[in-house]
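Here's the structure, in structure tokens; my notes come after.
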Amino acid sequence: MALDIVQDAMLKLADKYASKPPGELPMLFQRILLNTIRDHYRRQKVRSTWTTLFSSLVPQHEDEDYDPLDTLQSKDNNNQAGVPDAALEQSQLLALIEKALMDLAPRQREAFLLRYWENMDTAETAAAMGCTEGSVKQHCSRAVHALATALKAKGIDLS
């Protein structure tokens, strides 16, 4: 993990600052590394929040490839047996999440879904959306805050 972060920082340095004088590179690398570490922990915090939310929807499984989104009951998929109360609560929660997603601005929704549902990194998302990485980060941040606010207003606490 740490080596991946350092490697990402080194690639960013080589990609964007190759033409800089060698004397400036250590300070630039230090700043890039610090920002890369911060970005990593921010992403990890957001992912863990959403993973925790979705994992509470279905029973725990020991299979590490298990994805709760694959087994959630939808209108078309009635293969999930369970307690009626739990199924009703789950379907209501899913409806609230879907509504909150649909209420997002289109670019925020697109950035959020690409980053957190499709597991694309910032660069891939920026390329798919035709914008800068900074715009992707801003759209994702605004989407997460808007979703958290909307769900909290409905009585769903993510913390």
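Each value in this text was obtained by applying a stated rule to the coordinates, not by laboratory testing. Computed from a prediction, not measured in an experiment: that's the story for all the values here. Methodologically, a virtual Cβ is constructed for each residue, glycine included, from the backbone with ideal geometry; neighbour enumeration extends over all protein chains shown.
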### Message
Could you tell me the calculated FRET efficiency between residue 28 and residue 149, based on Cβ-Cβ distance and R0 = 25 angstrom, to the nearest 0.05?
### Response
0.10
#### Entry: Near-label residues of region 1-18 by backbone N, under 12 Å of a point 7 Å along Cα→Cβ of residue 40
1-10
### Summary
Looking only at lysines whose Cα falls under 30 Å of residue 154's and that sit 8 or more positions away or on another chain, we get 45, 75, 99, 137
### Message
Roughly how far apart, in whole Å, are the Cα centres of region 104-159 and region 26-43?
### Response
21 Å
